[in-house]
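Chemist: Please find one structure pasted underneath; my questions will follow.
The values are calculated or read from the model by the stated rules, or taken from the named source; none is laboratory data. These figures come from a predicted structure and were not determined experimentally. Methodologically, a virtual Cβ is constructed for each residue, glycine included, from the backbone with ideal geometry; neighbour enumeration extends over all protein chains shown.
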Amino acid sequence: MNKSLTLIALVGALTALPAFGTEPNGSAKDAWITGKIEAVFVLNRHLNAFNIDTEVTDGAVHLTGKVESDVDRDLAGELAKGVEGVASVDNDLTLDAKARAPASDQASAERPFGEWVEDTTITAAVKSKLLYNSNTDGLQIDVDTRGDIVTLSGEVGSAEEKALAEQLALNTDDVDEVRNRLVVRRAD
């Protein structure tokens, strides 16, 4: 399947869940909202979704990370507010001129735009698997993709969760290698 069609199908699936009466509840609903917000950010040509972290608790969204300008910060906040199920948005995005969205001319300087779209599609697919698996805390796992190589980073609760996250990523279409940089949280 074409990569851009996969991303569109993912966004469509996230949007269609309530129509089929299968709207999630509790932490599953928060994961569903997170996925929708991150998909909106990925599809917005003005934002670099990889620089924005989204946490959702009981419908309350907390945005952290970096954006290029005040306009981008406000745009991210307004886009998040527009997602169904969002109760409030706490926008703690900071400004960094290096956080520029990968527009087609910038993307081609680093890598071709088509590759960027493919990598973004793979990242969205892996993130969705991590969010929807009840045994992984997808909100705490960062996913980055470059040329069919996925890098997982962040903290997880156990060695088993670390291994499961790696296997979920490896079982995603078009993923050839997973660099598992997840760290197991120490028990207090």
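Chemist: Out of all the residues in segment 16-23, is one or more modelled with pLDDT under 90 and either among the polar types (S, T, N, Q) or under 22 Å from Trp116 (Cα atoms) (or both)?
Modeler: Yes: one or more hits.
Chemist: Among the residues of segment 140-170 satisfying the criterion of being touching a residue at least 24 places away in the same chain (Cβ under 8 Å), out of contact with any helix residue (DSSP H, G or I) (no Cβ under 7 Å at 6 or more places or on another chain) and polar (S, T, N, Q), which is surrounded by the most Cβ atoms within 10 Å (Cβ to Cβ)?
Modeler: Among them, the one singled out is Thr151.
Chemist: Test Val183 against the criterion of being in contact (Cβ under 8 Å) with a residue 24 or more places away in the chain and surrounded by fewer than 17 Cβ atoms within 10 Å (Cβ to Cβ), and give yes or no.
Modeler: Criteria met by Val183.
Chemist: Here is a follow-up. With the requirement that a residue be among the charged types (D, E, K, R) and closer than 18 Å to Asp137 by Cα, what does segment 34-90 give you?
Modeler: Lys36, Glu38, Asp53, Glu55, Asp58 - these are the residues of segment 34-90 that are among the charged types (D, E, K, R) and closer than 18 Å to Asp137 by Cα.
Chemist: Turning to a different aspect of this structure: Return yes or no: is Val71 at pLDDT 80 or above, β-branched (Val, Ile, Thr) and part of a helix (DSSP H, G or I)?
Modeler: For Val71, the condition - at pLDDT 80 or above, β-branched (Val, Ile, Thr) and part of a helix (DSSP H, G or I) - is met.
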